[in-house]
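Right, one structure below, let's go through it.
Nothing in this text is a laboratory measurement; each read-out follows from the coordinates by a stated rule. Note that the coordinates shown come from a computational prediction; the quantities given were computed from them, not determined experimentally. Every residue, glycine among them, receives a Cβ derived from its backbone with ideal geometry; neighbour counts consider all protein chains shown.
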Amino acid sequence: MVGAAYPQSLIGEAIPFNARPFAIVDVFDALASTRPNKKALSCDDSLDILIKSSHQFDPGILTAFVAIAPALHLALSQADSQTLDDRLSRIIEQYFQTETD
């Protein structure tokens, strides 16, 4: 990764590992989602842009993301709100305890 992370100007391995996937996912979401000023790009087109910009991302994480993104995008982009809420709740329960636990 040659790009600099804002605001500390971190590069490469100095960027916290947990932040690196978010850089990829954030760009993918911006590309693959409809926004007030643009239409959503297809999953394939969004991934192509990420790959062409690969110098900005952790190469191992980008490779893993590109491998799983099409199936996840297909499943999640067609899911209704309740299904998404339920799925997110199950994921949160795996990693966080509620106050009643």
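Table for the structure above
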quantity: Amide H within-cut-off set for L10, under 5 Å, with H built and near neighbours excluded; calculated: A5
quantity: Neighbour cut-off at most 15 other Cβ (10 Å), DSSP loop, GluC sites (Glu not before Pro), the stretch 10-101; calculated: E99
